[in-house]
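Nothing in this text is a laboratory measurement; each read-out follows from the coordinates by a stated rule. In this text, all values refer to a predicted model and were calculated from it rather than measured experimentally. Virtual Cβ from ideal backbone geometry, glycine too; neighbours counted across all protein chains shown.
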Amino acid sequence: MHLLEVEALSKSYRQIGGESTLAIGEISFQVEKGEFVSLVGPSGCGKTTLLMCIAGLIPASSGMVKVNGAGISGPPKNLVLVFQEYNRSLFAWRSVLGNVLFGLEVRGKLSSEAEDRARHLIGLVGLEGFERHYPWELSGGMQQRVAIARALAYGPEVLLMDEPFGSVDALTRLELEDTLLKLWQELKTTILFVTHDIEEAIYLSDRICLLSRRPSRVVRGIEIRLERPRNQLATRADRRFVELRNDIYKQISDQAAK
Amino acid sequence: MKPLGRINLPGLATLLAVLLLWEGFSRGSASLQLYFPPVSRILVSLYELIFSRELFGHLLATLGRFAAGYLLAAALAIFLGIILGYSRLAYSFAEPLIEFLRPMPSVAIIPVAILFLGIADAMMVAVTVYACAWPVLINTIDGVRNIDRTLLYTGRTFGLGRWQALRKIVLPGASPYIVTGLRISLAIALILVTTSEMVVGGSGLGYFILDEERSLRTGNMYAGIFVVALLGYGANRLFLLLEGRVIAWHRRMTAGETV
Amino acid sequence: MKWNSESRLNGLALLVALLPVWEALSRTELVNPLFFPPMTRILRSFFLLTISGELPYQILVSLERAVAGYLLAALVCIPLGIVMGLWNQVYRMLELLIEMARPIPPPVIVPVAMLFFGLGDEMKIFVIAFSCAWPVLLNTYDGVRSVDRVLMHTGRTFGLSRGKAIAKIVFPAALPQIMTGLRVSLGIMLILVVISEMVGSSDGIGYFVLDSQRRFKVDQMYAGMLSLALTGYALNQLFLLLYNSILAWHKGLTRAA
């Protein structure tokens, strides 16, 4: 049984004129426990919509999402979505610690244990010392780390991430990628990661699902057989990395051209 | 809020100058004394009044109506505001009624209230509730509607139910707006209470001030005005104190934004 | 039947549906018709009073006083606010006086005004001017203070004199905030004219509504309130029109932000 299974999911929107646009064609793929899977596709192919459907935040037009074999109706309990717009998803009235504790509060855990766990996660994302700060006092990269720590504090089985590093600068992004990998390996969460950055996808993932352009479907699944732990310099210089990158880039360009 | 540590010398000087001029001119002219009794005499009146406990009774009456009207209005308006902010359907039903009643100055409701409730405390509290409800209602609706969708989605992805989302996200998120409405209503409450006291009479600082004017006891009149201004000032400071607790996060956030 | 949750018709439908209910309740005396005259009687009163000129006269009387007080406040406080905003010494000098006068609830000024001016128009104009002064003054002050220094420097680097800089840069830049103050004061103006007429007057719409209640001419009272609501609405719309034409640039700016 797969941990996460998407079966023939499609989503269409009704326009103001009355016609509908198909955002997602029929998408099917599976994610196994402990995997790091990335969804990569050309811009506008509906990746965010797909993720929102999987997260149960918007209803699909047809098809199913199954978590641990059971179909979902609404946000599944053991799954959390980390948004791209971190500044709009963090709670401005809570400190860093407050935000991270939120993940635990919701789970009903309010104790000194919870606070310890929150502090531990804050440390893991590299924000030790910033517990009392408020989101607006932090940089973009730091804010996103708070969002990630908050999601992980919740302890989900599956972490969905919607271009989480899209709005940070290039250098911060590399740091965040490594932080994420470290967290993934330590906490053994399953991650479904959406990005338009091919190299990022290759660097982070075990497997990549390539999406076509709108209405999107899975064009190909690509195994990433690069050794772990990954390294920003060594892995990216590896011949296989470069081949994968070129291959995927070509496929996406062909997709976009169609 | 200005830090109290910095003494405003030019301000104090001006204030003192005005008071001294007032005292000087007043003592110099008998006719002027009626309109502008010497400051010293006002202070004496004030002192006497406090000790005669007459003013105290009026102060309590006003304070009671003020507090009752304001708090009732706040509770009612926040409650309604959340419902109307949340539900587009409910709001669509309420909107024309709201838009129709809003432009009417709330003091015009006083005669209606007298009709229904006579001239008792209930009438004064009722008009206060009516008038204070509006700013709080409108601001609450605004605040709830303006909650960023991403915040609501975040709540849902964490499995928050409707009630939890209300408590943990909507209320804190809307609180700056709600507080703005509450602050506006504070001033409105005092206006409505004093007005209804003046129109209806009987007791209260509004009535006292008007009555003293009619009897040409202007010293007492000014003293009364001073007390009611103090009441307003005190209420405002108290409010700011409480606001600081609840909205500190927002104040500092927006303070950082001004260029 | 699915309700369109966006439609304005919902609320209008509700109001329209309620009217016959009110009418029925009142006529069958299920509610005391003294307190709730039938809507038709209220509307009849309203039309009769309007046609006879009574209501328009009272409204006009009130508006004359109100607008006079309002303009007085604006003419004094906008320049004063600008001066205070630009010269901090002036602000400091006046600050304590303002902070002491501000908390005085405007209604209690009415007896003072009555002392000085009796029960005439001047009394009301004074009260309204006093009450409208604060929002205009403080908003003007705020608006001037928050004018970006860069704008001022730009003016100076183009060789503008102080006076010209104020007229061409400070005033337009502060105008949105000034208009906010004027808008708030508009509401206050209407409130205070009603208050001053209820407490010490023999004409004006505020007096009319109160007097109608005293004589138990309840439908007249409601008719008066209706005319007040319409007046308030009309004033708001007028102001909005003015605001949009003067500040069209500001709307575009804030939308882009």
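Can you pull the mean other chain C-beta count within 10 Å for peptide B:187-197?
5
How much of the DSSP bridge set in chain A is antiparallel, in percent, rounded to the nearest 5?
Of those bridges, close to 50 percent are antiparallel.
Please find the FRET efficiency linking residue C:122 to residue B:40, where r is the Cβ-Cβ separation and R0 is fixed at 25 Å, and quote it to the nearest 0.05.
Once the sixth-power term is evaluated, E becomes 0.30.
Report the calculated FRET efficiency for residue A:137 and residue C:161 (r = Cβ-Cβ distance, R0 = 56 Å), to the nearest 0.05.
Numbers: r = 42 Å, r/R0 = 0.76.
Result of the calculation: an efficiency of 0.85.
In chain B, which whole DSSP H runs stretch at least 20 Å along their own axis (Cα) and average 1.0 or higher on the Kyte-Doolittle scale?
Within chain B the helices that satisfy the rule are B:9-28, B:54-86, B:121-145, B:171-200.
Calculate for chain A the 222 nm mean residue ellipticity that helices alone would give, adding -39,500 (n - 2.57) per DSSP H run of length 4 or more and normalising by residue count, nearest 500 deg cm²/dmol. Each step should come with its number before you reach the end.
Numbers: 9 runs with 98 residues, N = 258.
After summing the helix terms and dividing by the residues of chain A, the value is -11500 deg cm²/dmol.
Could you check which residue among B:126, B:30, B:189 shows the biggest mean-square fluctuation in a GNM of chain B with a 10 Å Cα cutoff?
Looking only at B:126, B:30, B:189, the largest GNM fluctuation is found for B:30.
Compare C:161, C:201, C:146 in a GNM of chain C, Cα atoms joined below 10 Å, and give the one with the largest fluctuation.
C:161
How high is the relative contact order of chain C? Use alpha-carbon pairs under 8 Å, at least six apart in sequence, and give a whole percent.
Dividing the mean separation by the residue count of chain C yields 24 percent.
As I understand it, the dipole of the protein assembly as shown uses +1 on the Cβ of Lys and Arg and -1 on the Cβ of Asp and Glu, about the Cα centre. Which of A:91, B:189, A:29 lies farthest toward its positive end?
The residue sitting farthest along the positive end of the dipole is A:29.
What FRET efficiency comes out for the pair residue C:216/residue B:16, r = Cβ-Cβ distance, R0 = 45 Å, nearest 0.05?
Efficiency computed from Cβ-Cβ geometry: 0.25.
Aspartates and glutamates near residue C:217 by alpha-carbon distance under 15 Å, same-chain residues fewer than 8 away left out - which ones?
The reachable aspartates and glutamates, counting only those whose Cα sits under 15 Å from residue C:217, are C:54.
Run the helix sum for chain C: -39,500 (n - 2.57) per DSSP H stretch of 4+ residues, divided by residue count, reported at 222 nm to the nearest 500 deg cm²/dmol.
Calculated at 222 nm, the ellipticity per residue is -26500 deg cm²/dmol.
What is the list of residues in segment B:220-234 whose amide nitrogen lies under 14 Å from a point 7 angstrom out from the Cα of residue B:50, following Cα to Cβ?
B:223-224, B:226-228, B:230-231
List the DSSP H helices in chain C whose Cα atoms stretch 18 Å or more along the helix axis and whose mean Kyte-Doolittle hydropathy is at least -0.5.
Passing helices, by number: C:9-27, C:39-52, C:54-86, C:88-101, C:121-145, C:171-199, C:218-246.
Hey, which of these cross-link pairs are over 24 Å Cα-Cα: A:11/A:77; A:182/B:168; A:47/A:250; A:47/A:77?
Details: A:11/A:77 22 Å; A:182/B:168 31 Å; A:47/A:250 19 Å; A:47/A:77 22 Å.
Pairs exceeding the cut-off: A:182/B:168.
Between 0 and 90 degrees, rounded to the nearest ten: what's the tilt of helix A:96-106 against the longest Cα principal axis of chain A?
Approximately 70 degrees, to the nearest ten.
Take every residue in peptide B:158-166, count the Cβ atoms of other chains within 10 Å of its Cβ, and give the average of those counts.
Counting Cβ atoms of other protein chains within 10 Å of each residue's Cβ and averaging gives 4.
Among C:196, C:107, C:80, flag the residue with its Cα farthest along the positive direction of the charge dipole of chain C, charges on Cβ as +1 for Lys/Arg and -1 for Asp/Glu.
Value computed over the given set: C:80.
With +1 assigned to the C-beta of every Lys and Arg and -1 to the C-beta of every Asp and Glu, and no other charges, what is the dipole magnitude of segment B:2-64 about the Cα centre in debye, to the nearest 20?
Magnitude of the dipole: close to 220 debye.
If you count, for each residue, the other Cβ atoms within 10 Å and average over each peptide, how do A:143-152, B:48-57 line up from highest to lowest?
On the way: A:143-152: 27.0, B:48-57: 13.8.
Answer by packing, highest mean first, reads A:143-152, B:48-57.
With chain A treated as a Gaussian network of Cα nodes joined by springs under 10 Å, which of A:190, A:48, A:21 yields the largest mean-square fluctuation?
A:21
Helix-only mean residue ellipticity at 222 nm, chain B, DSSP H runs n ≥ 4 weighted -39,500 (n - 2.57), per residue, nearest 500. What is it?
-27500 deg cm²/dmol
Rounding to the nearest 20 debye, state how big the charge dipole of chain A is about its Cα centre with +1 on each Lys and Arg Cβ and -1 on each Asp and Glu Cβ. It would help to have the intermediate numbers written out before the result.
Values: 32 positive and 32 negative charges, 88 e Å.
Result for chain A is approximately 420 debye, rounded to the nearest 20.
Treating only the Cβ atoms of Lys and Arg (+1) and Asp and Glu (-1) as charged, compute the dipole magnitude of the protein assembly as shown about its Cα centre; round to the nearest 20 debye.
Dipole magnitude for the protein assembly as shown comes out near 780 debye.
Per residue of A:87-96, what is the mean number of Cβ atoms on other protein chains within 10 angstrom of that residue's Cβ?
The per-residue average across the peptide is 5.
If each residue of separation counts as 0.36 nm, what is the full-extension length gain between residue B:146 and residue B:252 once their alpha-carbon separation is subtracted?
Numbers: separation 106, 0.36 × 106 = 38.16 nm, distance 1.97 nm.
The span from residue B:146 to residue B:252 would gain 36.2 nm if fully extended.
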